[in-house]
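Down below is the structure, laid out as structure tokens.
The values are calculated or read from the model by the stated rules, or taken from the named source; none is laboratory data. It should be emphasised that the depicted structure is a prediction, and the values quoted were computed from it without experimental measurement. Note: ideal-geometry Cβ built from the backbone for every residue, glycine included; neighbour counts use all protein chains shown. Surface accessibility is based on the protein's heavy atoms, side chains included, excluding ligands, DNA and RNA. Shrake-Rupley method; radii C 1.70, N 1.55, O 1.52, S 1.80 Å.
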Amino acid sequence: MNYLELCQRVRQDAGVSGEGPTAVTGQSGILSRIVSWVKQANNEIQLKNKDWRFLWAQGSGNAIKMAGEYFPADFGITKPRNISSFLYNNTPLIERDWAWYQREVKAAGKDNEHGIPTYFIVRPDEKILLFPIPAEVGTVTIDYYRKPVQLVNGVDKPLLPEEYHEAIVCRALMLYAHYEEDTYLFQVKLAEFNQWINLISQTEQPQITFE
């Protein structure tokens with residue numbers, strides 16, 4: 001289902017009289033609220049886990065000689081939430097936080113050190129630093145998980161796989177039930193929602209394996 005279809009489904013299941021919504025913009029009253037609840041439900045599900053498979057993406061690009069600071073877009077990545085793998089010339093780099101860089105590199109006067117990068121740092125403004133600064137051109141490949149992608153247009157489809165869209169419907173109906181102070185409906189949809197989240201977790205979370 002796309003965004004508009006999800007809104008129409010929630011209105012129908014909520015038992016709201018009438019038709020629609022016919023669009024995700026220009027609505028008023030309860031239909032406007034339903035549009036907002038569907039968007040919120042989709043966002044909340046994406047935020048439930050930082051490494052959902054459906055949020056995984058990969059980017060690549062070149063590190064420039066004598067340049068240690070990059071925008072995410074320089075490596076073809078968009079709105080990264082969590083980087084799971086960072087390769088420089090096929091060699092994994094170690095992630096360090098901004099406080100480590102400030103303490104171990106900046107304060108130690110090493111921030112102009114050049115060589116083969118060993119570490120990558122994501123600054124608070126989301127720029128990516130390589131340390132040491134690359135002395136030569138190198139190839140970067142990044143596996144990462146995106147931040148939640150918002151529903152905007154009626155034809156937009158959630159990143160959540162189609163077979164799990166009932167979870168969005170359930171969560172939106174929970175928000176509707178809370179607004180209407182319908183405790184029974186809220187509890188019914190909460191139980192269904194938890195079942196859907198368990199199902200999603202079985203296929204959309206990395207599986208732990210033991211050797």
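So the values come out like this:
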quantity	calculated
The one condition in (1) out of contact with any helix residue (DSSP H, G or I) (no Cβ under 7 Å at 6 or more places or on another chain); (2) over 16 Å from residue 150 (Cα atoms) that residue 21 fails to fulfil	(1)
In region 155-166, residue surrounded by the most Cβ atoms within 10 Å (Cβ to Cβ) [restricted to those that are within 15 Å of the chain's Cα centre (by Cα) and among the hydrophobic types (A, V, I, L, M, F, W, C)]	160
Residue in region 20-43 that is modelled with pLDDT under 95 and of a type in the set (A, V, I, L, M, F, W, C) present	no
Options 141, 209; residue that is farther than 30 Å from residue 25 by Cα, modelled with pLDDT of 95 or more and not in a helix (DSSP H, G or I)	141
Number of positions in region 1-33 that are within 18 Å of residue 193 (Cα to Cα) and out of contact with any Gly (no Cβ under 9 Å at 6 or more places or on another chain)	7
Among the candidates 169, 152, 140, residue that is buried (at least 19 other Cβ atoms within 10 Å of the Cβ), β-branched (Val, Ile, Thr) and under 22 Å from residue 79 (Cβ atoms)	140
Strands (runs of 3 or more DSSP E) enclosed by region 48-121 - at least 3 residues per element that are under 30 Å from residue 167 (Cα atoms)	56-63, 80-88
Residue that is farthest from residue 153 (Cα to Cα) [pool: residues in region 55-76 that are open to solvent by 20 Å² or more (accessible area, probe 1.4 Å) and among the hydrophobic types (A, V, I, L, M, F, W, C)]	66
Region 172-184, subset exposed (fewer than 15 other Cβ atoms within 10 Å of the Cβ) and of a type in the set (Phe, Trp, Tyr), residue nearest to residue 5 (Cα to Cα)	179
Region 18-47: number of residues that are of a type in the set (A, V, I, L, M, F, W, C), open to solvent by 30 Å² or more (accessible area, probe 1.4 Å) and either without any contact (Cβ under 8 Å) to a residue 60 or more places away in the chain or closer than 9 Å to residue 172 by Cβ (or both)	2
